[in-house]
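Accompanying notes for the structure given below.
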Amino acid sequence: MSNIWSPFLVKAAIFEDNNGVSSSEVQLQLDKLDTNWTNLYQSFDYMIISTGKWFLKAAIYHENDTEVGCHICPGKNLTEKGFVFAYEKALRYAMDFIATSKHRGLIFFRTSTPDHFENGEWHNGGNCTKTTPAKEGEIELKDLNKILRAVELAEFEKASVKAAENGAVSSICTGQKMRKFRMIVYIGVYLGLLTTGMM
């Protein structure tokens, strides 16, 4: 079993510390897949892909080694493309790679799920204090998660057609209902101790 760190699926230069604080915009190569996962792809029988919220970060987008736009880049003299632009392209490129590959592993794609932190996010004091599963209707997808999920479902559908033609096997793992109702165990306030080596 392996855990491969490739938050964008495409080649990315990320400038941030363990607390998620950025010192510069992410540099995303939207037409170059991240070899951290593609070089190992052929060796996996099963693979779960999970991505999404990393695309909300301030970023400069590149295609053909040329800056083509950005997300949250005031003063850069670049066109604001928005994160959906990059997320669609990255997912399409990654899923095309999988769908047209000769490799016959089983691929699961995990879609966006409801936020489960209260009183902040994972890096700024947010915590999940639930000790029992949430009840039906207690947790709903926020608008942002709905946007991400819509992109994911659309790109997965497109890739599924190619995958079927090529004999590849893929599946969507919508995780949404499971995440709504499961009990959460999270490091919460101890994150700082972990990232500073004090734990």
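The values are calculated or read from the model by the stated rules, or taken from the named source; none is laboratory data. Quick caveat, the model's predicted, so the values are computed rather than measured. All Cβ positions, glycine included, derive from the backbone under ideal geometry; neighbour counts span all protein chains shown. Accessible surface areas use protein heavy atoms only, side chains included; no ligands, DNA or RNA. Shrake-Rupley method; radii C 1.70, N 1.55, O 1.52, S 1.80 Å.
Worth pointing out:
- The stretch 15-92, accessible surface, carbon-and-sulfur percent (1.4 angstrom probe): 48 percent
- Whole-angstrom Cα spans of the stretch 27-101 along principal axes, big to small: 46, 24, 18
- Placing a pseudo-label 7 Å from each Cα along the Cα-to-Cβ vector at E140 and E118 gives an inter-label distance of 1.9 nm.
- Karplus (6.51, -1.76, 1.60) ³J(HN,Hα), θ = phi - 60°, over the stretch 84-90, in Hz, Gly and Pro reported as x: 5, 3, 6, 5, 4, 5, 5
- Average accessible surface area per residue within the stretch 22-157, 1.4 Å rolling probe, Å²: 53 Å²
- Taking amide H atoms as placed 1.01 Å from N in the peptide plane, the amide H of G126 lies under 5 Å from those of E121, each 5 or more residues away in sequence or on another chain.
- Unsatisfied cross-links (Cα-Cα over 26 Å) in the set K81/K102; K76/K162; K32/K76; K11/K158: K81/K102; K76/K162
- The relative contact order of the stretch 55-105, computed from alpha carbon pairs under 8 Å that lie at least 6 residues apart in sequence, is 25 percent.
- If you sort the three axes of the alpha carbon gyration tensor as a ≥ b ≥ c, you get a/c of 1.5 or more for the stretch 1-136 and a/b no higher than b/c, which makes it oblate.
- At most 14 other Cβ within 10 Å, DSSP loop - GluC sites (Glu not before Pro), the stretch 101-169: E121, E136, E138, E140
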